[in-house]
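Heads up, the thing below is written out as structure tokens.
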């Protein structure tokens, strides 16, 4: 994927002008939901205003395939490796239910650091299919990689983890998990809700077998649209629990469907496509993905991580409880105040909650998650945003520590 080496300040200022929400407020909350660019808004308006909306099947298919191809390019995959979904949860469930689970199989997850939507489906799977859940406890805010590795054995069929935890937002070192999964024939399933877009993602280099993402966060699109990547060797082994015409290879039946002959699934991840597509979501994604691929996620990651480090250091100088990864290389575009594990003491919880209110009052958008105050950056953020937060923090500290 081609792109820039770095995002120059003048480039960022040009980008900002297309994102009205980041000009009218200090927007540090892409980890919850992205602001929409004017280009995305205009593209969706043109689509909805088209008098042939919904009738031009050829045009609709071209939009869908364009968005699929751009996402594949973004993560170093091929279009056939990508299925279109509604969201991350659907992508995770598709993979979970397409596995050929057998008695004695197990799967590995660290639930304390996962979003609930990467917890509940595994308990549901265990109840329905009798799969053993190996729930690895977390003693801190980073994935216990050594303990997760120790939980993998010859009966492990799947290991799931977030590439960037939703709280506190650290980068997960996937390399050793990927290597052991590959040796044991286990599938490495990644929840990429918080990473793709602000952080560079190369599924080949990272050894990822399947990856689920929604478009409303780092991909700068809309709710109700997502992508599922599945490595080709794994896709051929997975059997969709649900099936639609879009997932069937109709070349032998000339598009008329089957009557008595055996159904042939489409190659790759396309077998997981289900029915009519979210054309509004695909239209928005086509526009936002074009922006991301134009600049390249290597440059975007350099920009967002540099801003995150600037914010982290500034808040640390004010003696605030910045939650930092043990290794700085695992810093992402996310900075959190407070701790998920162990949870903050009551007085710190109350202080952080009040500080979040102070930020909101001063038109700074950040997230309050499980007693943790979360800031998250993307390509439209600049150093002025960071100075605004640090200045408000200094003001709040001075007022509350007299």
Ranking request for peptides 375-388, 218-231: highest mean number of other beta-carbon atoms within 10 Å first, then the rest in descending order.
218-231, 375-388
Starting from the Cα of residue 73, step 7 Å toward the Cβ, then list every residue of the stretch 285-308 with an amide N under 13 Å from that point.
286-297
Given R₀ = 56 Å, what would the calculated FRET efficiency be for residue 120 paired with residue 5, taking r from the Cβ atoms and rounding to 0.05?
0.85
Which stretch or stretches of the stretch 97-117 have amide N atoms under 17 Å from the point lying 7 Å from residue 132's Cα along the Cα→Cβ direction?
101-110
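Can you give the Rg to Rh ratio for the stretch 40-101, taking only C-alpha atoms and Rh from Kirkwood?
Details: Rg = 15.0 Å, Rh = 13.9 Å.
Result for the stretch 40-101 is an Rg/Rh of 1.08.
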Largest-first principal axis extents, alpha carbons of the stretch 40-293, Å:
57, 46, 30
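Working out 0.36 nm times the residue gap between residue 244 and residue 53, then minus their Cα-Cα distance, what length gain in nm do you get to one decimal? Present the calculation step by step, with values, prior to reporting the outcome.
Working: separation 191, 0.36 × 191 = 68.76 nm, distance 2.24 nm.
Answer, rounded to one decimal: 66.5 nm.
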I want to make sure I understand the PRE zone here: with the label point 7 angstrom from the Cα of residue 184 toward its beta carbon, which residues in the stretch 81-98 have backbone N atoms less than 16 Å away?
none
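Assuming R0 = 51 Å, what is the FRET efficiency of residue 394 and residue 175, from their Cβ-Cβ distance, to the nearest 0.05?
Numbers: r = 39 Å, r/R0 = 0.77.
Here the calculated transfer efficiency is 0.85.
What number, in percent, do you get for the relative contact order of the chain if the mean sequence gap of Cα pairs under 8 Å and at least 6 apart is divided by its residue count? List each step's numbers first, then the result.
On the way: 787 pairs, mean separation 99.3, N = 402.
In percent, rounded to a whole number, it is 25.
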Quick check: the angle from helix 57-74's long axis to the longest principal axis of the chain, C-alpha only, nearest 10 degrees?
60 degrees
Quick one: angle between helix 120-129 and the longest Cα principal axis of the chain, in degrees between 0 and 90, rounded to 10, please.
30 degrees
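Read-outs throughout are calculated quantities, based only on the coordinates presented, and are distinct from any laboratory measurement. Please read all numbers here as calculations on a predicted model, not as lab measurements. Using ideal geometry, Cβ is built from the backbone for each residue, glycine included, and neighbour counts are taken over all protein chains shown.
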